[in-house]
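The values are calculated or read from the model by the stated rules, or taken from the named source; none is laboratory data. This is a predicted model, so every value here is computed, not measured. Neighbour counts run over all protein chains shown; Cβ positions are idealised from the backbone, glycine included. Side chains included, ligands, DNA and RNA excluded: accessible areas come from the protein's heavy atoms. Shrake-Rupley method; radii C 1.70, N 1.55, O 1.52, S 1.80 Å.
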Amino acid sequence: QVQLVESGGGLVQPGGSLRLSCAASGSIFSINVMGWYRQAPGKQRELVATITSGGNIVYADSVKGRFTISRDNANNTVYLQMNSLKPEDTAVYYCNADHIVAPSTQYFNYWGQGTQVTVSS
């Protein structure tokens, strides 16, 4: 069974930085796309950033220039470096892995449990 385990959330002051990590565990051959989404209270879940195994990256306009996504394909891990954080970045951040190729099976649109990021003074 595949699991996505996130870490790195917390409370930070405006202008501060946090780094989120998400490691996929289990018997995995490859993962096509890994990414981060977020959901603030009373709002829909939204894209933050995604990265393919080949390194193609998409960012939401709201985080361009402040957040950096990266991944370690060998360890099935994706990172999100968040700088210049704003109160409006406060949300639960979810890791996503799409098209996981495993022995004898594939998984699509897999989610982590979420990690809280709070930006407040």
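Numbers at a glance
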| item | result |
| --- | --- |
| Listed peptides 8-20, 102-114 by packing density, highest first (mean Cβ within 10 Å) | 8-20, 102-114 |
| Solvent-free Debye scattering, log10 I(q)/I(0), computed from the Cα coordinates of segment 3-45 at q = 0.30 Å⁻¹ | -1.17 |
| Accessible area per residue in Å² at 1.4 Å probe, computed on the chain | 51 Å² |
| Segment N73-I57, extension gain: residue separation times 0.36 nm, minus the distance between their alpha carbons | 4.3 nm |
| Two-decimal Rg/Rh across the chain, once Rg and the Kirkwood Rh are taken from alpha-carbon atoms | 0.98 |
